[in-house]
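S.K.: The structure is given below, and queries will be raised subsequently.
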Amino acid sequence: MKDCTLSERLYGDIMYMPHHRSETRIPMSRHSRSAQFAPFAALDGHIEAVRESARLTDRRLEPDEDAVCDINGKLFRLCSEGGLPEISVEYFIPDSRKAGGRYVTLTGKFRRIDEYLRRVIMLDGAEVPIDDIYRISFSEEIQGSEPEICTI
């Protein structure tokens, strides 16, 4: 008795039959057939999602009462002194895609405060939302005594 493999026992009756060839259709080229089985993008955007989740953000720090008083005093000083003082403003920019954001320090000449929109406007046109300010510092030329004014 001849030893048969499992596939020969199960499909032996059809294994060696001639393959059907259509008389009305042209056979597809190997290149075209392989394109049907090319990898598809089932996880389209997966790599971008992994990169996005791996991107680090800072959590927003809420300034304490003393820091808020300091910020308000410096904003008052900017409004009352006039001129174009050089300042550095550290503020929070919320991330548009995920929780958190980043802190940025903007250095430039102060122009004015838009009280309606609650923004510090710099001479170069940059705008900083007052509610996002974490720290304000003056350049050395206008460092001096700061008024003890706190309006919360």
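S.K.: Please indicate, with yes or no, whether at least one residue in the stretch 59-71 is among the charged types (D, E, K, R), under 30 Å from I121 (Cβ atoms) and touching a Pro at 6+ places or on another chain (Cβ under 7 Å).
M.R.: For the stretch 59-71, residues among the charged types (D, E, K, R), under 30 Å from I121 (Cβ atoms) and touching a Pro at 6+ places or on another chain (Cβ under 7 Å): absent.
S.K.: Within the stretch 103-125, track down each residue that is surrounded by 12 or more Cβ atoms within 10 Å (Cβ to Cβ) and closer than 30 Å to E48 by Cβ.
M.R.: Selection gives Y103, V104, L106.
Listed here are the residues, each with its yes/no results for (1) closer than 30 Å to R118 by Cα; (2) in contact (Cβ under 8 Å) with a residue 12 or more places away in the chain.
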{"site": "P18", "(1), (2)": "no, no"}
{"site": "R21", "(1), (2)": "no, no"}
{"site": "I26", "(1), (2)": "no, no"}
{"site": "S29", "(1), (2)": "no, no"}
{"site": "S34", "(1), (2)": "no, no"}
{"site": "H46", "(1), (2)": "no, no"}
{"site": "E52", "(1), (2)": "no, yes"}
{"site": "T57", "(1), (2)": "yes, yes"}
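S.K.: Filter the stretch 78-103 for residues that are part of a loop (DSSP other than H, G, I, E, B) and under 22 Å from E115 (Cβ atoms) and give the result.
M.R.: Of everything in the stretch 78-103, those that are part of a loop (DSSP other than H, G, I, E, B) and under 22 Å from E115 (Cβ atoms) turn out to be G82, G83, L84, P85.
S.K.: How many of the residues making up the stretch 22-57 are among the basic types (K, R) and modelled with pLDDT of 85 or more?
M.R.: 2
The values are calculated or read from the model by the stated rules, or taken from the named source; none is laboratory data. Nothing here was measured: the structure is a model prediction, and the numbers come from that model. When we count neighbours, we look across all protein chains shown, and the Cβ atoms used for this are built from the backbone with ideal geometry, even at glycine.
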